[in-house]
1. Does residue 176 satisfy the condition of being in contact with a strand residue (DSSP E or B) (Cβ under 8 Å, 6 or more places away or on another chain) and at pLDDT 90 or above?
2. List every residue pair whose Cβ atoms sit under 7 Å apart, with the two residues 6 or more apart in sequence or on different chains, where the first one lies in the range 137-149 and is closer than 14 Å to residue 185 by Cα and the second, anywhere, is of a type in the set (D, E, K, R).
Amino acid sequence: MIKRLLVYMVGTLFMLSASGCLVAESKYLKKVGEADGLSQELATLQQAHKKLTLENNELNVRFNKLTGDAAALAVDKKQLEEILRAKSDTLSKNISEARQQVAELKIENSKLNADISEIQRVKEEKVKEVSGTYEQLLANMKNEIAKGQVTISELKGKLTVNMEAAILFDSGSAEVKTEGLDILNKMVETLKNVGDKAIRIEGHTDVVQISGSLARTFPTNWELSAARAINVTRFLQQQGIDPRNLSAAAFAEYKPVADNATKEGRAKNRRIEITLVAKD
């Protein structure tokens, strides 16, 4: 009985021992599997960590670059703001100066317009005066004009009375004859009222040269034309015309108004011209 019990107990212990070994082996295998899984997971995590580290480094590089760019942009922005401020100040100053210049130009233009208006007014008055003188001379010398002995012209403010020498002088003479004095007297009152013009008396001849005994008095046509112009000028002074407004000029045969090849043309060239011109 005791022997059986021992055998039973030994068997039981053997069975328990075997069972315990099986349990221990199962746990071991399980732990080994868990360890392998953890190892793989660790390897995966290490790879992920390595990848993340690289990405982090790249991000840091990009961050540093962007930070540098941002700093540079901030500097550029400040510089641009300073440049724009300076340009704005300059532009404002230029605009202010331009406005001042425009205002000054407007004032100057206004003055110029006023001056132009005044000059135009004076000019119109002078034109009226010349025209009035022209009309008076036409009326006073209508008979001589009708005979073709006198012509009166007005051009650009210059009035000219052209008289053939024959109505003032005898042939070869520089003394104004009585009929000539009467003709000149017709102009005196009108010429007395011309205070703002210079009165110039011009002597002209034809191309025929002086000869014979007359040449002792007038060697050339210069002397004859000058003497005739001076005698007319002296007569006008004697009639009360201001001598400061008078002048005499000689042109001899060198300013013809007609063809010297014809008798009629030579008659026209022998003349006295009284011109009213602006004072110097």
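1. yes
2. Matching pairs, first to second residue: 140/186; 141/186.
The values are calculated or read from the model by the stated rules, or taken from the named source; none is laboratory data. Since we're looking at a predicted model, the values are computed, not measured. All Cβ positions, glycine included, derive from the backbone under ideal geometry; neighbour counts span all protein chains shown.
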